[in-house]
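Here the structure comes first, spelled out in structure tokens, and everything after it is commentary.
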Amino acid sequence: MVTSENFSLGLYLSFRIINEKKVRIYSGGLVNIRFNSSGNQILAELVWAEFVSPQVFLSTQQRHQLSMQTGFDRLLALEALPHITLYPHQQETVLKVLRDMGGRAVLADEVGLGKTIEAGVIMKEYLLRALVKRILVLVPASLVSQWFEELNYTLKIPFQVQNGSLPWTTDLIIASIDYAKRDPHRSQILAQHYDLVVVDEAHKLKNAATQNWRFVNGIQKKFLLLLTATPIQNDLKELYNIITLLKPGQLKTYREFKREFIKDKRTPQNVEKLHLLLQEVVVRTSRRETLLNFPRRLVKTLVVERNTQEAEFAERTFNYLRQVYNRKDGASKSVLPLIVLAREVCSSPAAAVATLRKIIAKSGSITASERAELKEIVAIGQNIGLSAKAKELINLITSTSEKVLVFTEFLQTQTYLAQEITRVGIEVTVFHGGLTLAEKDAAINAFRHEKQVLISTEAGGEGRNLQFCHILVNYDLPWNPMRVEQRIGRIHRLGQTSDVLICNLITRKSIEEDIVYLLQEKLRLFTDVLGGLENIITSSGDSFEKIIADAFLGSRSRLEATCILKRLGDDLLSRRSAYVKLQKHTDQILGVRG
């Protein structure tokens, strides 16, 4: 017999509160439960409750029931997302993180094996089981839109992007790590508690003395996922720092780790013991292990000859750029505006003319003689008509019935190409950063179902998966290899069933010729899938783009510029070889089979 007593419970209960014919259902509250003296009657007194609609109550009740399920024998996320099919290596990774690693893991699969989907399914699983509510995703600024679209559209998780308008108390939030780590955002984040934190490109946390590492380490969190294809970029201390961030003490102190496991900074010792420690917190799969048949990258470089007018326009514009460059003083040279105009000359007369007109319109920024010279150059450029590259592109498109994805860096070039291609009777749609999400969706759907050609700016290099297309044309080439790889990644990725053709359109005796040489012959960017690309191309504080600009604008001749870029190419090849060797050590440490 239960004696009479009062006690309070916080429960998920369905109560009908009937008062003046009003019926409500509440999802949770505090109820005083009182037994009578005989123990056979329960009297419940409502102390407080959160009143919600029946739909919200049922949803909350379902999540609560799921959370009561023990173990991860089946993935509820896959049942909730029937359109998603995980590859065996992805499902194995997800289950291992959930079952064995307690939601704290480094996802270190090689490039292109779907780490984003793995992390997303883990998030979805935890949310469905009501094991997490608040998730913070920290990524490089260039990947924010990619993560937003993947999580919202593929995984059906309603994340929001932090653009300054959201409170940091928002449950599901994606932010640029560089934005988040600065005050006042940093202090606001560190005052919160998150159920799960996800960090992409986690190799940027390799140095424990950096603001990035200290920031992520300071966030209050239960679960933590770190995503990187390159957990070791330069030496084994980087790996130690990442693992210590994830699970302090796993590798003991650095002094002990160094004594036991490091022969030299890139060469491990006691590999088997180190592997056993790492497999508790790191999941890595190589392309070889998946046994997946990845499609080939077929590369075609189409070299076109400028007509006389185009050649004169390009030569005179570059002469002007060299004059401006040489007037700037030494290390303080700001070459970004010059780089933009130089890239536009390689892209299209339409893009370069638009910028030259803006320079002419700036009162006082140039001398009268410069203004007169620029007006002459503009007159040449605006009367070129159909450029040699545009003509070659139209020939390529009309020679196939396949869909063609065309990339350009510039809106003016995009508009120009859309007009010229439409003029010959080919249906075109465009994609750029100025479109709303609905307009972007409409453009992709039109390309998928109706239009043969999609012309995209760099906005299309992030977030959209276009595996239904097999031909990509680089109408102009970014001077940043990372952007080139992002472009290729839109069609050459998991889920692509056909070989992909990558066409590079370049003009003879141009900067583009040398860039293609660097990207293809030295980095083998168009044919290989290479992780750690950012680390390989980083060079002594100067960006890849600035090195190229300094070579072409600061040299007395094209031959001199070509020699400078050849030395850069040799250096890139050496660093690529060192990276490949380091990755072999990484695979050895992490137990990846050859």
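The values are calculated or read from the model by the stated rules, or taken from the named source; none is laboratory data. This one's a predicted model, so the numbers in the text were calculated from it and none came from an experiment. Note: ideal-geometry Cβ built from the backbone for every residue, glycine included; neighbour counts use all protein chains shown. For the accessible areas, the whole protein counts, side chains as well, though only heavy atoms, and no ligand, DNA or RNA atoms are used. Shrake-Rupley method; radii C 1.70, N 1.55, O 1.52, S 1.80 Å.
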Being in contact with a Phe, Trp or Tyr (Cβ under 7 Å, 6 or more places away or on another chain) and acidic (D, E) is the filter here; which residues of the stretch 162-199 pass it? D195
For the stretch 412-445, give me the residue count where each residue is of a type in the set (A, V, I, L, M) and modelled with pLDDT under 95. 6
Among residues belonging to the stretch 257-284 that are in contact (Cβ under 8 Å) with a residue 40 or more places away in the chain and open to solvent by 20 Å² or more (accessible area, probe 1.4 Å), point out the one that is nearest to A209 (Cα to Cα). R266
Scanning the stretch 505-529 for residues that are closer than 23 Å to A459 by Cβ, in contact (Cβ under 8 Å) with a residue 60 or more places away in the chain and not in a strand (DSSP E or B) gives E512, F526, V529
Residues within the stretch 165-191 that are in a loop (DSSP other than H, G, I, E, B) and open to solvent by 50 Å² or more (accessible area, probe 1.4 Å), tallied: 8
Just one of (1) surrounded by fewer than 19 Cβ atoms within 10 Å (Cβ to Cβ); (2) modelled with pLDDT of 85 or more trips up I491, so point out which. (1)
Residue ID - modelled with the lowest pLDDT, chosen from residues in the stretch 319-335 that are under 34 Å from the mean Cα position of the chain (by Cα) and surrounded by 12 or more Cβ atoms within 10 Å (Cβ to Cβ): K333
Which one of L437, L454 is within 24 Å of the chain's Cα centre (by Cα) and over 21 Å from N474 (Cβ atoms)? L437
Looking only at the stretch 457-480, and only at residues there that are of a type in the set (A, V, I, L, M, F, W, C) and open to solvent by less than 40 Å² (accessible area, probe 1.4 Å), the one that is nearest to the chain's Cα centre (by Cα): A459
For the list (1) touching a helix residue (DSSP H, G or I) at 6+ places or on another chain (Cβ under 9 Å); (2) touching a residue at least 24 places away in the same chain (Cβ under 8 Å); (3) surrounded by fewer than 16 Cβ atoms within 10 Å (Cβ to Cβ), I need the number of the one condition that Y254 fails. (2)
Looking across the stretch 336-365 at residues that are outside any helix (DSSP H, G or I) and either charged (D, E, K, R) or open to solvent by less than 50 Å² (accessible area, probe 1.4 Å) (or both), the single one that is modelled with the lowest pLDDT is K362
Which residues, taken from the stretch 117-138, are in contact (Cβ under 8 Å) with a residue 60 or more places away in the chain, small (G, A, S) and open to solvent by less than 10 Å² (accessible area, probe 1.4 Å)? A119
The one condition in (1) surrounded by fewer than 16 Cβ atoms within 10 Å (Cβ to Cβ); (2) at pLDDT 80 or above; (3) not in a helix (DSSP H, G or I) that I502 fails to fulfil: (1)
Subset of the stretch 201-215, residues closer than 20 Å to V282 by Cα and modelled with pLDDT of 95 or more, comes to W213
Being hydrophobic (A, V, I, L, M, F, W, C), out of contact with any Gly (no Cβ under 7 Å at 6 or more places or on another chain) and open to solvent by 40 Å² or more (accessible area, probe 1.4 Å) is the requirement here; does A141 meet it? yes
Filter the stretch 145-164 for residues that are loosely packed, with under 15 Cβ neighbours inside 10 Å and on the phi < 0 side of the Ramachandran plot and give the result. Y153, P158, N163
Residue list for the stretch 366-383, filter: closer than 17 Å to Q419 by Cβ and open to solvent by less than 20 Å² (accessible area, probe 1.4 Å): G381
Matching residues, the stretch 202-227, being open to solvent by 40 Å² or more (accessible area, probe 1.4 Å) and of a type in the set (D, E, K, R): K204, K206, R214, K222
Please go through the stretch 84-96 and give me each residue that is over 17 Å from G591 (Cα atoms) and touching a residue at least 60 places away in the same chain (Cβ under 8 Å), ordered by number. I84, Y87, P88
Given the conditions (1) buried (at least 18 other Cβ atoms within 10 Å of the Cβ); (2) free of Cβ contacts under 8 Å to residues at least 40 places away in the same chain; (3) under 24 Å from R306 (Cα atoms), report the number of the one that K440 does not fulfil. (3)
Anything in the stretch 83-112 that is closer than 16 Å to L131 by Cβ, under 23 Å from the mean Cα position of the chain (by Cα) and open to solvent by 20 Å² or more (accessible area, probe 1.4 Å)? List them, or say none. R104
Would you check if there is a residue in the stretch 192-201 being over 17 Å from the mean Cα position of the chain (by Cα), within 10 Å of I219 (Cα to Cα), open to solvent by 50 Å² or more (accessible area, probe 1.4 Å) and free of Cβ contacts under 8 Å to residues at least 60 places away in the same chain? yes
Scan the stretch 149-162 for residues that are modelled with pLDDT under 90 and either among the charged types (D, E, K, R) or assigned to a loop (DSSP other than H, G, I, E, B) (or both) and jot them down. E149, E150
